Amino acid sequence: MRTTGSVTRVNSWNEWDPLRHVILGRADGCRIPPPEPAFRCRVSPGTEMEAGWGARPPETVAMANEELDGFARVLESLGVRVDRPSPLDFAKPVVTPDFETGSMMGCMPPRDVLVTVGNEILEATMSYRCRWFEYLAYRPLLEQYFREDPRMRWEAAPKPRLSDRSFKVDYFSKYATLKDRLPRVEAKDFLTTEVEPLFDAAELARMGKDIVVQHGFGANLAGIDWLRRHFPELRIHAMNFPADPHPMHIDCTLVPLRPGLVLANPARPMLPEQRLLFEKNGWQIVEAARPAHKSPPPLSYSSVWLSMNVLVVDPKTVCVEASETHQAEQLDRLGFEVIPVPFRKACPFGGGLHCATVDVYREGALEDYFPNQVA
Ligand code: NVA
């Protein structure tokens, strides 16, 4: 067992260096949010999610928390310090001068809200109205890190207006079927407009000097441009995955595992020009194993591809959802020690093991893993 360091230090440049400190979400008070533009893509028409917004059944909250606490114990046994957010009263409506929606969502998953890049923790703009104030659940931790680590940079991207001007409000009614949607997604015609920068933190896949950001429903080009200007010393690559009719949050689509190895979703193939970045730098692109389940758990926002939403603890160790045996076997063959973590009951609250965490500290420094850039 490694020892847990008590000194707070913010540092994380990639998705694989040895992990020493994370924030892990909580299910307390989580709600199914009311309909709104950004959420429509995560809720299938005619499902119970669409019908019933409001409190989640209490027994599901308790079961999710049990799994989240179990995951915390696994991480702690690996020497990782685990901090937890402070839930708010998520039943409160969200009201700004520009919009009003009936409730918040919760404080799971933190990966959508915060991203650590080097010694900086950045609060994302977010693209959901119900998640506009979610950063507040993390503020006690961020205030503490800011006090304890004199080198920490604490940044917040401009809070978006999220008025009806930020969305193509008739997008989902116009392109309701896959047949209508896929050509739009292929043409990079997504849900959001470009009137203001928008990005969820979970659209970023960090690989040292290079960060891939998914251009889709959770990040627009203005948001990607904002990130480029905010991190001028890094190379920000916009990528889109045309076979995904709900392109939101990159960590079920493209998952860097260690230097030279990236897991790719075979149902959402990368475009040849996007593969080039990896190919020109000797990276292996491995198609993820098939998910163990035919459908996501009830009241879920995510697809079955949560199978590949793994948390890399260090370049030789990876946490995988316990029932995802195909994914576990594949990672074992790729040379990882696989740690199975039961998480299927927590998944409906906003995703898998990667979604549920935010790196605060990984060992290691900024490195260039892609010296051969694509023109
Ligand atoms: N859009 C993703 C969710 C990522 C956590 C999926 O469901 O595949």
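Each Lys or Arg adds one and each Asp or Glu subtracts one; over the other residues with Cβ under 10 Å from the Cβ of I285, this totals -1. For a paramagnetic label modelled at 7 Å from the Cα of T193 toward its Cβ, which residues of region 203-225 fall within the zone defined by backbone nitrogen distances under 19 Å? Answer for region 203-225: 216-225. Taking every alpha-carbon pair under 8 Å whose residues sit at least 6 apart, the chain reaches a relative contact order of 23 percent. Within the chain, the percentage of alpha carbon pairs spaced more than 34 angstrom apart rounds to 20%.
On the principal axes of its alpha carbon atoms, region 202-262 extends 33, 29, 15 Å, with the longest extent given first. Evaluated at q = 0.17 Å⁻¹, the base-10 log of the normalised Debye intensity for region 116-170, with identical point scatterers placed on the Cα atoms, takes the values -0.62. Close Lys pairs in the chain, defined as Cα atoms under 21 Å apart and 8 or more places apart or on different chains, number 8. Between region 197-240 and region 145-169, how far is it from one alpha carbon centroid to the other, in angstrom? Here the two parts' Cα centres lie 14 Å apart.
Between L299 and any residue 5 or more places off or on another chain, the built amide H atoms are never under 5 Å apart. Hull volume per residue, based on the alpha-carbon atoms of region 228-333 and their convex hull, is 136 Å³.
Full-extension gain between R147 and D164, please, as 0.36 nm times their residue separation minus the C-alpha to C-alpha distance.
Details: separation 17, 0.36 × 17 = 6.12 nm, distance 3.83 nm.
My answer for the length gained is 2.3 nm.
Here is the size of region 265-307 from its Cα atoms: Rg then Dmax, 13.8, 42 Å.
What residue among Y301, V318, Y361 has its Cα farthest toward the positive end of the dipole of region 289-375, where the charges are +1 on Lys, Arg and -1 on Asp, Glu, each on the Cβ? My answer, from the dipole projection, is Y301.
With a Förster radius of 41 Å applied to the C-beta separation of R333 and A62, the computed FRET efficiency comes to 0.70.
By DSSP, what percent of the beta bridges with both residues in region 206-302 are antiparallel, rounded to the nearest 5? In region 206-302, DSSP labels about 40 percent of beta bridges as antiparallel. Label point 7 Å out from E233 along Cα-to-Cβ: which residues of region 194-212 have amide N under 14 Å? Hits in region 194-212 for E233 at 14 Å: 208-210. Packing, taken as the mean count of other beta carbons within 10 Å per residue, orders the peptides 205-215, 130-140, 302-312, 224-234 from highest to lowest as 302-312, 205-215, 130-140, 224-234.
Round to the nearest 0.05 the FRET efficiency obtained for R275 and D180 when R0 = 30 Å and r is the Cβ-Cβ distance.
So the FRET efficiency works out to roughly 0.60.
With distances taken between every two different alpha-carbon atoms, region 191-234 has a Kirkwood hydrodynamic radius of 10.5 Å.
Quick note: the coordinates plus some simple rules give every number you see, no bench work behind them. Just so you know, these numbers come straight off a predicted model, no measurement behind them. Positions of Cβ are backbone-derived with ideal geometry, glycine not excepted, and every protein chain shown enters the neighbour counts.
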